[in-house]
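Here is the structure we will look at, set down as structure tokens.
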Amino acid sequence: MTDISQIAESASLGGLGTKTAVAVFGGGCFWCTEAIFQGLKGVVSARPGYSGGELAEPTYEQVSSGKTGHAEATRIEFDPSLISYDDLLTVFFATHDPTSLNRQGNDVGTQYRSVIFYADAAQKQAAERFIAKLQTESAKPIVTQLAPLGEFYEAEDYHRNYYEAHRDEPYCQLVIAPKLEHLRRDFQALLKKTDG
């Protein structure tokens, strides 16, 4: 179980007392969302896990059954002075299909639903505004759910940094790599600077 307070003290950002915030999104397989958000400037960490269900301390196998109510989600700790919540929403909606009910590609089930777990009223209002604007531009209904952030359970260790550890696997090549290419092409200004 992870502490879900929206504001946290983080020395890892280069100084004591630096304020960070938390956003939690479910947009299909958390291997994808983790890899996408890890590459954004201002993101301190992106951790895969489970949220939105009733079962305490769920396992991957239990969540994969579709019977726990949990969604695969990613908990993003970020520095709002470097990247805004609206920027995170922009990337979230651009890198999955918010019109696809309980599925993303071949990943099917309520555990793959499009969902925003909001940490406070400001996040809820920002997400509502974003969805309303997106709906005016979409021919299909936006099915992204909004739910208050309850407990977030971190996924098992082998799910962390999955793309980095398994980038040659077919799923990573066929599903995650194209999303990362889309990110690099369309959101260059939001990416972390890399050496070289």
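None of the figures in this text is laboratory data; all of them are computed from the coordinates on show. All values reported here derive from a predicted model rather than from experimental measurement. Positions of Cβ are backbone-derived with ideal geometry, glycine not excepted, and every protein chain shown enters the neighbour counts.
Of the DSSP beta bridges with both residues in segment 7-186, give the percent that are antiparallel, rounding to the nearest 5.
85 percent
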For the pair Leu174 and Ala147, the simple spin-label estimate (label points 7 Å beyond Cα toward Cβ) gives in nm 2.9 nm
Given backbone amide H placed at 1.01 Å from N, residues whose amide H is under 5 Å from that of Arg75, ignoring those fewer than 5 places away on the same chain, are Arg47, Gly49
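Quote the charge dipole size of segment 60-105 about the Cα centre in Debye, to the nearest 20; the model charges only the Cβ of Lys and Arg (+1) and of Asp and Glu (-1). Intermediate results must be reported in sequence, preceding the final value.
Working: 3 positive and 7 negative charges, 58 e Å.
So the dipole magnitude of segment 60-105 works out to roughly 280 debye.
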Per the Kirkwood formula over distinct C-alpha pairs, the hydrodynamic radius of the chain in angstrom is 16.9 Å
One point scatterer per Cα, no solvent, Debye formula: log10 I(q)/I(0) for segment 134-196 at q = 0.22, 0.23 Å⁻¹ comes out as -1.09, -1.07
Mean separation of Cα contacts under 8 Å (at least 6 apart) over the residue count of segment 7-186, i.e. the relative contact order in percent, is 28 percent
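Just rank Val44, Val22, fewest to most, by other beta-carbon atoms within 10 angstrom.
Working: Val44 17, Val22 23.
By the 10 Å Cβ count, ascending, the order reads Val44, Val22.
When the helix-only estimate is applied to the chain (DSSP H runs of n ≥ 4, each -39,500 (n - 2.57), divided by the residue count), what is the mean residue ellipticity at 222 nm, nearest 500 deg cm²/dmol? Before the final figure, lay out the partial values.
Details: 6 runs with 56 residues, N = 196.
After summing the helix terms and dividing by residue count, I get -8000 deg cm²/dmol.
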The answer for the net charge of residues other than Ala155 whose Cβ lies under 11 angstrom from its Cβ, with Lys and Arg +1 and Asp and Glu -1, is -2
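Return the ratio Rg/(2.2 N^0.38 Å) for segment 50-139, where Rg is computed over Cα atoms only.
On the way: Rg = 14.3 Å, N = 90, 2.2 N^0.38 = 12.2 Å.
Here the answer is 1.17, to two decimals.
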